[in-house]
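*Asks:* Right, I'll just put the structure down here and ask away after.
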Amino acid sequence: MGEKRKLGRGVCIVGAGMSRFDMYKDKDSKQLFAEAFKECIDSVDKGIDPKEIQAMWLGNFTNDFFIHQGHWGPIISDLLGLPPKPATRTEGACASSTLAVKDAAYAIASGMYDIVLAGGVEEMSKISTEAVSEGLALAGSPYEVYEGFTFPAVFGAIATAYFAKYGATWEDLNYVTVKSHENAKLNPKAQFNMTIKDIMNLRIEKYKKKGQPVPEWKDEYEALRDPRFNPVVAWPMRLFDCCPISDGAACVLLVAEEIAHMFTDHPIYIIGMGQGSGRALHDCPSLTSLEANKHAAKEAYEMAGLTPKDIQFAEVHDCFSIAELIHIEDLGFCKEGTAYRFVREGGTRLNGPMPINTSGGLKCKGHPVGATGAAQMVEVWHQLRGEAGPRQIPNGDLHIGASQNLGGTGGTCTFMIFSNEK
Amino acid sequence: MEERYFNDISYKQFLNEERLMGSRCKGCGTLCFPPRPICTNCYSTDMEWAELKGNGKLAGFSSIFVPPAFMAEEGFDRKHPYVVGVVELEEGVRAVGRIVGVDANRPETIKIGTPVKAEFIHFGEGDQMRTHLAFRPVEGGAS
Ligand SMILES: [Zn+2]
């Protein structure tokens with residue numbers, strides 16, 4: 001690898017929390033962040049007085065559009081009783097809260113602060129689906145959006161290019177979806193904490209009640225092929241290839257490594273951080289890979305002094321099923337053009353050699369866009385501390401996990417590497 | 001026409017005039033489509049207009065069954081999907097646009113690599129005119 005980039009001083013996560021992700025009529029951004037924050041401070045093994053927090057970074061993509069309120073840094077700071085301490089909002093579309101964590105880590109590494117809260121929030125479900133789509137499209141490239149592309153359509157176009165290049169098919173993507181639902185069933189914080197079989201049974205009950213013909217699906221793969229169960233959104237992306245609309249919040253408590261022992265004997269060390277920027281779809285060097293991903297990975301691997309083989313599990317940004325394949329190739333977990341086979345063979349399942357999205361991923365856990373990056377880290381925190389309960393990765397020697405977050409259609413990509421050892 | 005800035009406003013004006021215009025850097029010859037006000041190869045701002053022929057091949061596409069509001073206003077919905085795509089132009093740059101003359105309800109019949117030619121779809125008139133770029137499969141074009 002290249003030269004090793006180092007932080008001025010080490011940074012650790014000593015607490016982490018998230019709200020349950022869902023579509024809420026009765027919970028707003030402040031309520032959701034309060035829930036995430038409470039879980040975060042309660043997770044600090046040796047406790048923390050929140051008044052010790054010196055600064056806050058908050059990721060939010062566009063509550064401005066979704067609920068017509070901007071300037072979320074001070075609103076959340078006020079909620080938590082933190083004024084007059086500084087509160088900074090970061091925006092990187094769906095990667096907003098990873099940017100918050102990264103900037104908070106830089107602030108600690110610089111020596112300016114010792115104890116910083118970083119997280120994110122988004123409140124998306126109060127408006128119509130069409131309006132949410134319009135809001136999300138603000139993060140798209142002007143050329144694609146102008147010509148009628150939606151987000152699912154951008155990833156649909158990427159999928160058609162991937163299929164043509166490597167001989168994969170849409171059926172291969174269903175292995176991503178089935179796996180995500182299996183993991184989410186084990187995650188009480190997930191918006192869809194049920195398997196596809198569970199959803200099939202609910203649907204069959206509904207058809208029976210209404211006296212409609214009951215489908216004879218022999219397994220979940222057959223149900224996914226049925227357009228009544230899984231209608232097309234933007235070919236080849238069907239409903240089950242797409243993440244839902246969600247409300248939620250997540251946060252982590254970061255401290256300087258030298259004081260981490262005051263808060264816990266089991267901190268999680270940030271050992272690699274990377275970020276990249278990308279171009280509009282038509283200008284990308286390849287339609288089947290994101291250069292921002294590759295740059296983010298390169299930065300993080302160099303800082304950590306690690307290679308893809310050293311990563312034992314990861315949360316990746318599966319806004320659409322095809323994205324999960326693109327990411328695990330870009331991050332080097334699989335060779336380009338092979339991820340679909342690796343997934344098909346069970347390589348990314350909870351008990352596979354490279355568990356991906358043990359939380360259920362964006363597809364099932366939910367995707368309140370500004371909260372997603374921090375929520376990915378909440379999952380890595382639980383896994384690396386052996387606290388993931390029924391979805392704990394069955395590996396007695398688990399030390400290094402990662403999270404990859406994507407904003408827009410690849411305009412912003414981040415990659416973070418964590419360890420439970422120094 | 002040389003008086004226009006090399007930006008998205010000019011790009012859209014040219015679409016209204018049914019011309020596909022990119023910028024060519026006078027310093028290093030790099031072609032950019034849509035046009036750019038500064039060359040990202042040599043950082044010259046000395047540009048000239050370059051007209052593209054609009055011939056290319058389909059590189060990726062999607063048939064959209066859940067349209068955004070402005071496309072729904074055109075009458076598209078779950079029963080009436082439309083196709084968008086990425087096209088590799090023969091000049092070596094890509095473009096995005098609507099793909100017309102294909103069966104959006106049977107997207108499995110649309111093939112990557114299909115030769116296509118640019119068209120222009122106009123809405124409104126005068127100052128209110130906006131034009132969308134579209135591509136149509138070339139009759140008898142071998143893929
Ligand atoms: Zn130049």
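The values are calculated or read from the model by the stated rules, or taken from the named source; none is laboratory data. Quick caveat: nothing in here was measured; it's all calculated off a predicted structure. Positions of Cβ are generated from backbone atoms using ideal geometry, with glycine treated the same way; all protein chains shown enter the neighbour counts.
*Asks:* Out of segment A:164-184, which residues are among the charged types (D, E, K, R) and away from chain B (no Cβ under 14 Å)? Quick ask: steps written out before the conclusion?
*Replies:* Step one: filter segment A:164-184 for residues among the charged types (D, E, K, R), giving A:165, A:171-172, A:179, A:182.
Of everything in segment A:164-184, those that are among the charged types (D, E, K, R) and away from chain B (no Cβ under 14 Å) turn out to be A:172, A:179, A:182.
*Asks:* Residue under question is residue A:241, and the condition is that it be touching a residue at least 40 places away in the same chain (Cβ under 8 Å), under 19 Å from the mean Cα position of the chain (by Cα) and within 13 Å of chain B (Cβ to nearest Cβ); does it hold? Talk me through it step by step, then tell me what you get.
*Replies:* On the way: touching a residue at least 40 places away in the same chain (Cβ under 8 Å): yes; under 19 Å from the mean Cα position of the chain (by Cα): yes; within 13 Å of chain B (Cβ to nearest Cβ): yes.
The answer is yes for residue A:241.
*Asks:* Of all residues being crowded, with 16+ Cβ neighbours inside 10 Å and among the charged types (D, E, K, R) in segment B:31-60, which is nearest to residue A:288 (Cα to Cα)? Just the residue, please.
*Replies:* Looking at the filtered set, the residue picked out is B:57.
*Asks:* Which of the residues spanning segment B:101-135 are at the interface with chain A (Cβ under 10 Å from one of its Cβ atoms), among the basic types (Lys, Arg) and surrounded by 12 or more Cβ atoms within 10 Å (Cβ to Cβ)?
*Replies:* B:111, B:130
*Asks:* With respect to residue B:104, determine if the residue is more than 16 Å from the ligand (Cβ to nearest atom) and touching a residue at least 40 places away in the same chain (Cβ under 8 Å).
*Replies:* It is true that residue B:104 is more than 16 Å from the ligand (Cβ to nearest atom) and touching a residue at least 40 places away in the same chain (Cβ under 8 Å).
*Asks:* For residue B:75, which of the numbered conditions (1) on the phi < 0 side of the Ramachandran plot; (2) more than 8 Å from chain A (Cβ to nearest Cβ); (3) away from the ligand (no atom under 15 Å from the Cβ) fails to hold?
*Replies:* Answer for residue B:75: the failing condition is (1).
*Asks:* Next question, about the same structure. Only one of A:168, A:153, A:164, A:159 is in contact with a Pro (Cβ under 6 Å, 6 or more places away or on another chain) and closer than 30 Å to residue A:280 by Cα; which?
*Replies:* Going through A:168, A:153, A:164, A:159 in turn, just one is in contact with a Pro (Cβ under 6 Å, 6 or more places away or on another chain) and closer than 30 Å to residue A:280 by Cα: A:159.
*Asks:* Of everything in segment A:107-148, what is free of Cβ contacts under 8 Å to residues at least 40 places away in the same chain and in contact with a strand residue (DSSP E or B) (Cβ under 6 Å, 6 or more places away or on another chain)? Give them in sequence order.
*Replies:* Correct list: A:147, A:148.
*Asks:* Residues in segment B:88-100 that are surrounded by 15 or more Cβ atoms within 10 Å (Cβ to Cβ) and more than 8 Å from chain A (Cβ to nearest Cβ): how many?
*Replies:* Final tally of qualifying residues: 5.
*Asks:* Hey, another quick one. Hey, can you tell me all the residues within segment A:89-144 that are in a loop (DSSP other than H, G, I, E, B) and under 19 Å from residue A:292 (Cβ atoms)?
*Replies:* Within segment A:89-144, A:91, A:93, A:95, A:138, A:139, A:140, A:141 qualify.
*Asks:* Here is a further query. Touching a strand residue (DSSP E or B) at 6+ places or on another chain (Cβ under 7 Å), in a helix (DSSP H, G or I) and at pLDDT below 95: which single residue out of A:282, A:295 fits that description?
*Replies:* A:282
*Asks:* What tally of residues in segment B:42-63 results from selecting those that are aliphatic (A, V, I, L, M) and either within 15 Å of residue A:151 (Cα to Cα) or facing chain A (nearest Cβ under 7 Å) (or both)?
*Replies:* Number satisfying all stated conditions: 1.
*Asks:* While we're looking at this one, here's another question. Which residues, taken from segment A:1-48, are among the polar types (S, T, N, Q) and either in a loop (DSSP other than H, G, I, E, B) or touching a Ser or Thr at 6+ places or on another chain (Cβ under 6 Å) (or both)?
*Replies:* A:19, A:43
*Asks:* I want to confirm something. Restricting to segment B:1-12 and keeping residues that are closer than 22 Å to residue B:89 by Cα and surrounded by 13 or more Cβ atoms within 10 Å (Cβ to Cβ), which single residue is farthest from the ligand (Cβ to nearest atom)?
*Replies:* In this case the residue turns out to be B:12.
*Asks:* Could you please find all residues in segment B:13-46 being more than 10 Å from the ligand (Cβ to nearest atom) and of a type in the set (Lys, Arg)?
*Replies:* Within segment B:13-46, just B:19 meets the criteria.
*Asks:* Right, something else. Looking at segment B:61-69, is at least one residue surrounded by fewer than 14 Cβ atoms within 10 Å (Cβ to Cβ) and not assigned by TED's automatic domain parsing to the domain that holds residue B:135?
*Replies:* No, there is no match, as no residue in segment B:61-69 is surrounded by fewer than 14 Cβ atoms within 10 Å (Cβ to Cβ) and not assigned by TED's automatic domain parsing to the domain that holds residue B:135.
*Asks:* Out of A:59, A:111, A:73, A:120, I need the residue that is at positive phi and modelled with pLDDT of 95 or more. Which one? Give the derivation first.
*Replies:* Details: A:59 fails: at positive phi; A:73 fails: at positive phi; A:120 fails: at positive phi.
When all the criteria are applied, what remains is A:111.
*Asks:* Separate question: Kindly list the number of the only condition in (1) more than 14 Å from residue B:137 (Cα to Cα); (2) more than 8 Å from every other protein chain (Cβ to nearest Cβ); (3) free of Cβ contacts under 8 Å to residues at least 24 places away in the same chain that fails for residue B:66.
*Replies:* (2)
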